[in-house]
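Participant: Got a structure for you, questions after.
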């Protein structure tokens with residue numbers, strides 16, 4: 001999965017940005033228009049004004065794609081009178097082609113780095129965020145034989161890839177996951193802490209905000225979810241075979257938010273919010289909603305429709321969850 005998605009030459013995400021949106025392979029909250037970023041700016045601004053960061057502070061976005069969300073957040077911060085003079089606005093993008101495109105598009109205000117390690121010598125009060133990033137982290141596939149969990153891998157058969165049994169899954173990998181009847185297949189990620197640790201390590205206090213589709217562990221590993229949540233996407237069509245056309249399709253699975261919280265706590269953070277996107281954005285939008293009262297012009301109506309897409313349970317409001325965590329003086333990365 002790591003190779004299929006992130007190989008610098010042939011990986012799915014190494015291609016020029018264009019996977020997101022109506023003309024791409026899948027639709028995200030950013031696709032609904034600039035309002036999503038401006039509402040996230042309200043959340044960042046609330047932390048900024050409450051915490052009163054030092055003269056220098058930082059926003060770090062992971063998985064910025066084409067930079068649209070970063071630009072919308074920047075515009076939103078300006079609207080609410082956040083002092084941008086001391087802001088180091090950073091995107092972490094390890095893929096060279098995407099990094100170059102981001103620098104060209106957003107170079108006036110956005111600093112693009114290949115990894116959090118490039119920030120290690122200059123820790124700052126930081127707000128770290130990622131929209132639909134955790135679901136794209138590589139995962140293990142496991143299947144129950146009725147007695148224990150077996151891990152599945154990939155082998156080559158002729159010109160095709162095929163699933164193959166690797167043997168019993170390591171105990172640490174499946175800790176806390178009950179064994180279901182034979183044939184039950186699901187996913188598990190063991191890399192949340194490794195992913196979050198470098199980010200926590202460059203924070204002199206601050207917040208992390210992760211937005212994604214997923215469940216708490218008890219819901220994720222439910223007896224009715226017999227085939228797991230692994231999905232592929234191409235041209236807005238979902239399928240379940242990641243071994244077909246690797247490098248040309250998106251591969252994803254829902255997020256076990258209990259595992260994310262465990263990783264955050266192990267790094268010295270505290271989860272202060274876990275809720276559906278609709279509730280979160282509605283709270284963020286209170287000042288904006290007040291400003292919209294009485295407006296019936298076409299621009300206002302377009303923004304209202306975008307807000308409904310982001311928050312309505314029938315659209316994105318219920319399928320996505322938000323986890324926000326607070327870190328103290330210095331993360332333990």
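The values are calculated or read from the model by the stated rules, or taken from the named source; none is laboratory data. All values reported here derive from a predicted model rather than from experimental measurement. Using ideal geometry, Cβ is built from the backbone for each residue, glycine included, and neighbour counts are taken over all protein chains shown.
Participant: Counting just the residues of the stretch 190-201 that are touching a strand residue (DSSP E or B) at 6+ places or on another chain (Cβ under 7 Å) and touching a residue at least 60 places away in the same chain (Cβ under 8 Å), which one comes out nearest to residue 262 (Cα to Cα)? Reasoning before the result, please.
Facilitator: Looking only at the stretch 190-201, we keep the residues that are touching a strand residue (DSSP E or B) at 6+ places or on another chain (Cβ under 7 Å), and these are 190, 199-200.
Okay, now just the ones that are also touching a residue at least 60 places away in the same chain (Cβ under 8 Å), so 199-200.
Values: 199: 16, 200: 14 Å.
Out of the qualifying residues, it is 200.
Participant: Okay, next question. Quick one: which strands (runs of 3 or more DSSP E) lie wholly within the stretch 213-321 and hold at least 1 residues that are farther than 16 Å from residue 39 by Cβ and out of contact with any strand residue (DSSP E or B) (no Cβ under 8 Å at 6 or more places or on another chain)?
Facilitator: Details: elements: 231-234, 237-239, 250-252, 269-276.
Hits in the stretch 213-321: 237-239.
Participant: So, one more: Being assigned to a loop (DSSP other than H, G, I, E, B) and out of contact with any helix residue (DSSP H, G or I) (no Cβ under 8 Å at 6 or more places or on another chain) is the filter; apply it to the stretch 95-117 and report the residue that is modelled with the highest pLDDT. Let's see the steps before the verdict.
Facilitator: Start the filter on the stretch 95-117 by keeping residues that are assigned to a loop (DSSP other than H, G, I, E, B), which leaves 95, 107-110, 114-115.
Remaining after also requiring out of contact with any helix residue (DSSP H, G or I) (no Cβ under 8 Å at 6 or more places or on another chain): 107-108.
Working: 107: 76, 108: 79.
Only one residue fits best here, namely 108.
Participant: Is the stretch 245-255 home to any residue that is more than 21 Å from the chain's Cα centre (by Cα), surrounded by fewer than 19 Cβ atoms within 10 Å (Cβ to Cβ) and modelled with pLDDT of 85 or more?
Facilitator: yes
Participant: When you scan the stretch 215-243, how many residues do you find that are in contact (Cβ under 8 Å) with a residue 40 or more places away in the chain and surrounded by 13 or more Cβ atoms within 10 Å (Cβ to Cβ)?
Facilitator: Of the residues in that region, 12 qualify.
Participant: So, in the stretch 189-206, of the ones that are touching a helix residue (DSSP H, G or I) at 6+ places or on another chain (Cβ under 8 Å) and outside any helix (DSSP H, G or I), which residue ends up nearest to residue 121 (Cα to Cα)?
Facilitator: That would be 202.
Participant: Scanning the stretch 42-63 for residues that are touching a residue at least 40 places away in the same chain (Cβ under 8 Å) and assigned to a loop (DSSP other than H, G, I, E, B), which turns out surrounded by the fewest Cβ atoms within 10 Å (Cβ to Cβ)?
Facilitator: That would be 54.
Participant: Only one of (1) in contact with a helix residue (DSSP H, G or I) (Cβ under 9 Å, 6 or more places away or on another chain); (2) part of a loop (DSSP other than H, G, I, E, B); (3) surrounded by fewer than 20 Cβ atoms within 10 Å (Cβ to Cβ) is not met by residue 75, so which one is it?
Facilitator: Only one criterion in (1) in contact with a helix residue (DSSP H, G or I) (Cβ under 9 Å, 6 or more places away or on another chain); (2) part of a loop (DSSP other than H, G, I, E, B); (3) surrounded by fewer than 20 Cβ atoms within 10 Å (Cβ to Cβ) is unmet by residue 75, namely (2).
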